[in-house]
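Colleague: Got a structure for you, written out below as structure tokens; questions coming shortly.
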């Protein structure tokens, strides 16, 4: 088994030379590496050594590889390879992204104007729509799982990452999705996630609603001291109106976001693209432009 320190400068499986560490998440190290047979750079995501001994954790990691490969979309991070080291430590080889996560872009309560929100959310909705059509829920939509990737010519491409806690819609019996085991970020979870109900695409749509709420107001709808407190608020409390937090938001835009945040899945938009289209139409009908928002809103 390899630790992060041991891997720096090491050539993994005679193919990937580890250059530097990019991060250390709850399940895996992430490195930048040179693909020696090609000469370009990629990201290596390596499961922590202690977790590689757990069959469930290894299965979840493998599922991330499967679902990322299944959702081939320009706004989803590309996967190049999945393998295990000689000692049984699984790793993913992924597209190396160049740019800030959305969480860094909006840190310290930054609010974005609706045209910028539509610009970011629409491609994410397209990626989610394809995933849903393939029977895949992301289940962890949040700013840190969206990257504002920059191409060499500085063109921005919004990328959805981290399919690590996905759910297959046709696999209710999987131990990775058992009832009573809530995974994800409490501030962005749908009420039905916590209640152990059968999930469909509208659970991700609720999370999209939370995400847009955060981008437009600088705050998530519900917060609290514990995960249970936050999740109970998602179930029981009405969503605070967006316009109380940001008066520049139009009534049309607010209505679209509040619809996505309906407690009952049946009351939300039916698909991610319907949500994106409604948000775009609300922006146009209300006449929202970048000039409509003050500089303090943007900064």
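The values are calculated or read from the model by the stated rules, or taken from the named source; none is laboratory data. Small disclaimer: the values here were computed from a predicted structure and weren't measured. For neighbour counting, all protein chains shown are included, and Cβ atoms are generated from backbone atoms with ideal geometry for every residue, glycine included.
Colleague: What are the residues in segment 266-291 that are in a helix (DSSP H, G or I), modelled with pLDDT of 95 or more and more than 19 Å from residue 123 (Cα to Cα), if any?
Modeller: Matches in segment 266-291: 266, 267.
Colleague: Filter segment 23-32 for residues that are touching a helix residue (DSSP H, G or I) at 6+ places or on another chain (Cβ under 9 Å) and assigned to a strand (DSSP E or B); which is nearest to residue 96 (Cα to Cα)?
Modeller: So the residue we want is 31.
Colleague: Does residue 100 satisfy the condition of being touching a residue at least 24 places away in the same chain (Cβ under 8 Å), surrounded by 20 or more Cβ atoms within 10 Å (Cβ to Cβ) and at negative phi?
Modeller: no
Colleague: Which one of these does residue 214 not meet: (1) assigned to a loop (DSSP other than H, G, I, E, B); (2) under 18 Å from the mean Cα position of the chain (by Cα)?
Modeller: Condition (1) is where residue 214 drops out.
Colleague: Have a look at 198, 182, 212 and point out the one that is assigned by TED's automatic domain parsing to the domain that holds residue 144, at pLDDT 95 or above and either in contact with a helix residue (DSSP H, G or I) (Cβ under 9 Å, 6 or more places away or on another chain) or under 17 Å from residue 270 (Cα atoms) (or both).
Modeller: After applying the criteria, what remains is 212.
Colleague: Continuing with this model, one more query. Touching a strand residue (DSSP E or B) at 6+ places or on another chain (Cβ under 8 Å), surrounded by fewer than 15 Cβ atoms within 10 Å (Cβ to Cβ) and not in a loop (DSSP other than H, G, I, E, B), is that true of residue 20?
Modeller: The answer is yes for residue 20.
Colleague: May I pose another question? Output the residue which, of all residues in segment 53-97 that are surrounded by fewer than 16 Cβ atoms within 10 Å (Cβ to Cβ), touching a residue at least 40 places away in the same chain (Cβ under 8 Å) and assigned to a helix (DSSP H, G or I), is nearest to the chain's Cα centre (by Cα).
Modeller: It comes out as 59.
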